[in-house]
Amino acid sequence: MENQGSFIRAFYSRKLTTTEANYDVGNRELLAIKAALEEWRHWLEGARHPFQVLTDHRNLEYLHGAKRLNPRQARWALLFTRFPFMVTYRPGSKNGKADALSRKFERADKPVLTEPILPPTAILAPVVQWVHEAPSSGHPGVCRSTQLIRRQFWWLSLALEVERHIQACPSCAQAWTSRQLPKGLLEPLPIPQRPWSHLSVDFLTDLPDSGSYTVVLVVVDCFSKGCKLIPLKGLPSAMQTTEALFVHVFRNFGLPEDIVSDRELQFTSRVWGSLCA
């Protein structure tokens, strides 16, 4: 794989499984060849020219001519026939790049600079600003800005840095418009003059299953603070909500003058519009 220049095209490594860790040295070296061929099969299978596999295990040089193979090696040998490669022995002393992790470390004669010359924080802000404010980007949101930056850069706190920059971006603040309805003014509710003329309603959801009931419709009388709890077998529709109120509340206390809700779909549908008309 060192043809056309002696620089590395790709790296591959993985942890041995519990079974593979019990292999002898020869089988582990053979396993490394098998794993590499499978990983880079799309490059190596059916190659026009033979390629070399360098190893510091001399016995693997006789791989293609071996006459006695165990069942595992025989299966691997069938895989190897699909690849035109030659195994070449190279001593560990000459195979420093691949063999470095298995060697003892050596102390350097000269002190090694461990502090970064350019702190990462000096680069992060300009990168985020460059991508977010580029004319082709158009000040996108957090998700889109993060995607654009990840095409060329990555660091651990990328999403956080992007969010901070967008929150402090004056152009985004000026152009941002709310997608929600304008908020209403806080006004006190009218004071009821009799019981059950003014009601507050809401749902209590995600309750533990009790006889197939998981939702409670809560109805509160604003005059007496009396509470009516109506068990339901799930979040109801607008029609089911109306029926529950008629059966458990309106039939006993009469129709109210005012109902306060959080404007969920059950209380803003056409059913309620027809009822209140």
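The values are calculated or read from the model by the stated rules, or taken from the named source; none is laboratory data. Model, not experiment: these values are computed from the prediction. Glycine also receives a Cβ, built like all others from the backbone with ideal geometry; neighbour counts cover every protein chain displayed.
If you go through the range 21-44 and keep only what is at pLDDT below 90 and among the acidic types (D, E), you end up with D24, E29. Specify the residue that is surrounded by the most Cβ atoms within 10 Å (Cβ to Cβ); the eligible residues are those in the range 132-151 that are of a type in the set (A, V, I, L, M) and within 17 Å of R164 (Cβ to Cβ). Ranking the qualifying residues of the range 132-151, first place goes to I149.
With the requirement that a residue be loosely packed, with under 14 Cβ neighbours inside 10 Å and either at pLDDT 90 or above or not hydrophobic (A, V, I, L, M, F, W, C) (or both), what does the range 247-277 give you? Residues satisfying the conditions are V247, R251, N252, G254, E257, D258, D262, R263, T268, R270, G273, S274. Only one of the listed residues (C227, C172, C222) is buried (at least 16 other Cβ atoms within 10 Å of the Cβ) and either without any contact (Cβ under 8 Å) to a residue 12 or more places away in the chain or over 22 Å from A244 (Cα atoms) (or both). That residue is C172.
Being exposed (fewer than 10 other Cβ atoms within 10 Å of the Cβ), hydrophobic (A, V, I, L, M, F, W, C) and either assigned to a helix (DSSP H, G or I) or modelled with pLDDT of 75 or more (or both): is that true of L124 here? No, not satisfied. For the range 89-113, name all the residues that are of a type in the set (S, T, Y) and either part of a helix (DSSP H, G or I) or modelled with pLDDT of 85 or more (or both). S93, S102, listed by residue number.
Taking the range 71-85, which residues are among the hydrophobic types (A, V, I, L, M, F, W, C) and touching a residue at least 24 places away in the same chain (Cβ under 8 Å)? W76, L79, F80, F83, F85, listed by residue number. Yes or no: the range 15-23 includes at least one residue that is surrounded by 13 or more Cβ atoms within 10 Å (Cβ to Cβ) and over 35 Å from the mean Cα position of the chain (by Cα). Checking the range 15-23: at least one residue is surrounded by 13 or more Cβ atoms within 10 Å (Cβ to Cβ) and over 35 Å from the mean Cα position of the chain (by Cα). Report, by residue number, each residue of the range 40-53 that is surrounded by 15 or more Cβ atoms within 10 Å (Cβ to Cβ) and out of contact with any Leu (no Cβ under 7 Å at 6 or more places or on another chain). Answer for the range 40-53, where residues must be surrounded by 15 or more Cβ atoms within 10 Å (Cβ to Cβ) and out of contact with any Leu (no Cβ under 7 Å at 6 or more places or on another chain): W40, V53.
Of these, D206, D221, which one is of a type in the set (D, E), under 16 Å from I259 (Cβ atoms) and in contact with a Ser or Thr (Cβ under 9 Å, 6 or more places away or on another chain)? The conditions single out D221. Of the residues making up the range 54-70, those that are free of Cβ contacts under 8 Å to residues at least 40 places away in the same chain, aliphatic (A, V, I, L, M) and outside any helix (DSSP H, G or I) are L63, A66, L69.
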